[in-house]
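The values are calculated or read from the model by the stated rules, or taken from the named source; none is laboratory data. These numbers were taken from a predicted model, which means no experiment stands behind them. Every residue, glycine as well, gets a Cβ built from its backbone with ideal geometry; the counts of neighbours run over all protein chains shown.
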Amino acid sequence: MKMNTQGHLILRASHQSDALFHWFYSRGWDEGLGGTTRDGSNLPAGCRDGRVTLLLPAGRVIFRVLPANSRWKRPDPQVLLWQVEDELLADVSQLHAIITGSDQTGHYVQAVDKEWLSRVLHQLAQWGICPGAIHPDSAGLEPGYCIRLCDEWVFRPTPGTAATLPESWCEAWLAQQHSSCLEVPNTDADPVAVMQILSRNLPEGRGFQSAKEHLRLSLSGLPGRRLLAFACILCLVVLCFYPMLSAGARYWQAWRLEQHSLRQVEMTFGNTPRGIPPGVWLENRARGSSGRVGSRFTEVFHASNAFLHNLPHGHVESVLWDGKEMQLHLVDVPAGLAVLAQQHSQGSLEVVVQDENPGIPGAQVVIRERRP
């Protein structure tokens, strides 16, 4: 049989995160070393390079057996704890929870205060130690057993329950709670021997230091983590829907521009049909003009927008485009527009009112670019 030469360091935290740590270190088949430490200075050389397990006082851990739900293939321990929130003395959002097992009775859930555990891990990190697994100290006991560690008793009455109590409370607790399910208590209080016993039966796996839970625990110390997560989700949603939102915005702008153009045309010409784009309708109205209706017609028409806006609504009968002279004729407009035409004959635009035009009844307005 091949000897396991990898060292295994077991640290048991106290109820206070900055208090004494019990430790036990074994390597290969030796009996191991043990002791206590406050700053990690007396730990064996090389112990940080091997396997490291952190044990938490069972009194710091919440143990619950919660009913299983057949709809959840992979239940979230935090969600399970929310079901019994009113029965807990701690805020569920401040608890770091894991599921250690399941059977016909339900899920075995363990939870510990995030802030307290973060302080313990931070202290170990200052010593250069990062635990690969985190379990309650009761995990080293078989169900129905207890053991004494210094002035405390570690109890594990059933697979899903455990506790640590001062020695002064032990007799009363045994008599009232679980006296029938416990074997004769082990009265050996030697810390090194106790740590060695606990190390033999520790479960496989990482416990509270599992990959998913470790990430959640690490993020729990970040300020504003919920706001950060919400901002990331919001950015992701915006990126997914940006093409649709951009297309919708362009469509809205085009619709508003078309409606504005339609209102301008209705204010100038009477009997403007609905459902036909203003540009198409204007070109159809100018089909009888001399010369091809093209971009110059559009440029002159847009340049005269201010003048057309001041005409009485619906009093222009037709529009003609003189492609040879590059000028626009408004036919059958109201008389008396000389002053208005003079006001808009500025810059590059020239507006001329012709009250009499052979062959065309009514007044006529000629709009063209000013010629040198």
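Can you give me the number of residues within segment 115-163 that are of a type in the set (Ser, Thr, Tyr) and buried (at least 18 other Cβ atoms within 10 Å of the Cβ)? Steps first, answer last, please.
Pass one, segment 115-163, residues of a type in the set (Ser, Thr, Tyr): 118, 138, 145, 158, 161.
Next, only the ones that are buried (at least 18 other Cβ atoms within 10 Å of the Cβ) stay: 138, 145, 161.
Going through segment 115-163 one residue at a time, the tally reaches 3.
The set of residues in segment 332-358 that are buried (at least 16 other Cβ atoms within 10 Å of the Cβ), part of a strand (DSSP E or B), of a type in the set (A, V, I, L, M, F, W, C) and modelled with pLDDT of 70 or more comprises 349, 351, 353. Comparison of 105, 53 shows that the only residue that is more than 31 Å from the chain's Cα centre (by Cα) and over 21 Å from residue 196 (Cβ atoms) is 105. For segment 45-70, taking the residues that are free of Cβ contacts under 8 Å to residues at least 24 places away in the same chain and among the small types (Gly, Ala, Ser), the one that is farthest from residue 109 (Cα to Cα) is identified as 45. Residues that are modelled with pLDDT of 70 or more and more than 16 Å from residue 309 (Cα to Cα) within segment 359-369 comprise 364, 368, 369, listed in sequence order.
In segment 289-331, of all residues being modelled with pLDDT under 60 and in contact with a strand residue (DSSP E or B) (Cβ under 8 Å, 6 or more places away or on another chain), the one that is surrounded by the most Cβ atoms within 10 Å (Cβ to Cβ) corresponds to 289. Give segment 145-169 a look and list any residue that's at pLDDT below 80 and part of a loop (DSSP other than H, G, I, E, B), or say none. Matches in segment 145-169: 150, 151.
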